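Undergrad: Sharing a structure, written as structure tokens. Questions coming.
Just so it is clear, none of the values below were taken in a lab; they were calculated from the coordinates. Treat the numbers as computed from the prediction; the structure is a model and nothing was measured. Quick reminder, even Gly has a Cβ in these numbers, built from the backbone with ideal geometry, and neighbours come from all protein chains shown.
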Amino acid sequence: MARPTQLMNDPNLLAAALEGLLLQKERLDEQIRQLREAMGKRSPGRPAKSASASAAPAEEKPRKRRKMSAAARKRIAEAQKKRWSEYRKQQKAEG
């Protein structure tokens, strides 16, 4: 059996290994591109959006903010205080 150092010096073997690795790299690059496309992220080589494309969202009407009643804010505050109180009691009992 050939020694590992002899195998590493074989140009045919190295060329075949390089070709296989390049094929794997191309396949991975394509899969990464597809994933980025599915996620809606641009690849590094894509040019920036044009001025007309960036102006379109500014024309949209601003969303109305819902107003929370004072009673609702009070209920939320009390619930939060209760959660923190229970948390502190638990920490005191453990520590």
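Undergrad: Expected output is a single nm value to one decimal: the length gained when fully extending between residue 35 and residue 85, i.e. 0.36 nm times separation in residues minus the C-alpha distance. What is it?
TA: Numbers: separation 50, 0.36 × 50 = 18.00 nm, distance 4.49 nm.
This chain segment gains 13.5 nm when fully extended.
Undergrad: Sticking with this structure for a sec: For the pair residue 18/residue 66, report the inter-label distance in nm, with labels modelled 7 Å from Cα in the Cβ direction.
TA: 6.3
Undergrad: Once the Cβ-Cβ distance between residue 27 and residue 5 is put in as r, and R0 is 22 Å, what FRET efficiency do you end up with, to the nearest 0.05?
TA: On the way: r = 30 Å, r/R0 = 1.38.
Between residue 27 and residue 5 the formula returns 0.10.
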